[in-house]
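The values are calculated or read from the model by the stated rules, or taken from the named source; none is laboratory data. Since the model is a prediction, treat every value here as computed from it, not as a measurement. Cβ sites come from the backbone with ideal geometry, for glycine too, and all protein chains shown count toward neighbours.
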């Protein structure tokens, strides 16, 4: 299991992750950005930070884009989007897409780091550190016998 609250590794990927991003609060802005994003072409890594980091760009980014867009659009009835952030709205190279139902404390209120559901990046991602293994707790019988 990944430790979402661990200090992020000091790598080009995680430095870019912590860089400056612009949000897309309006649906009109989201729609205009997503058209540019889908047309961007080139190699993209698609990364779910709770899992393993991909070793290569995806062969066809369209499937990941469609899944991410469908997730965000679940809340299309709301007056705002607010679940997508990009390093450059005109020429994206790093895009964070949050699950709108799991954004919880993105503003930092809970104390826990909220990770995006998807990260689309031109930079090869590095995984988050794993949680340390918890020693197995032995019951009374096992402690007496073992």
Task: Subset of region 1-46 that is touching a strand residue (DSSP E or B) at 6+ places or on another chain (Cβ under 6 Å) and assigned to a loop (DSSP other than H, G, I, E, B) - its residue that is surrounded by the fewest Cβ atoms within 10 Å (Cβ to Cβ) - done: 21
Open item on the list: Between 56, 16, 6, 22, which is over 14 Å from residue 125 (Cβ atoms) and at pLDDT 95 or above?
Closed with: 22
- [ ] State yes or no: is residue 122 modelled with pLDDT of 95 or more and either in contact with a helix residue (DSSP H, G or I) (Cβ under 8 Å, 6 or more places away or on another chain) or under 22 Å from residue 8 (Cβ atoms) (or both)?
- [x] yes
TODO: Search region 94-115 for residues being buried (at least 16 other Cβ atoms within 10 Å of the Cβ) and either in contact with a helix residue (DSSP H, G or I) (Cβ under 9 Å, 6 or more places away or on another chain) or modelled with pLDDT of 95 or more (or both), and hand back the single one that is farthest from residue 15 (Cα to Cα).
DONE: 100
Task: Lone qualifier among 49, 100, 92 - being in a loop (DSSP other than H, G, I, E, B) and under 20 Å from residue 128 (Cα atoms) - done: 49
Task: Count of residues meeting criterion [modelled with pLDDT of 95 or more, out of contact with any strand residue (DSSP E or B) (no Cβ under 7 Å at 6 or more places or on another chain), crowded, with 16+ Cβ neighbours inside 10 Å and within 12 Å of residue 24 (Cα to Cα)] in region 62-93 - done: 0
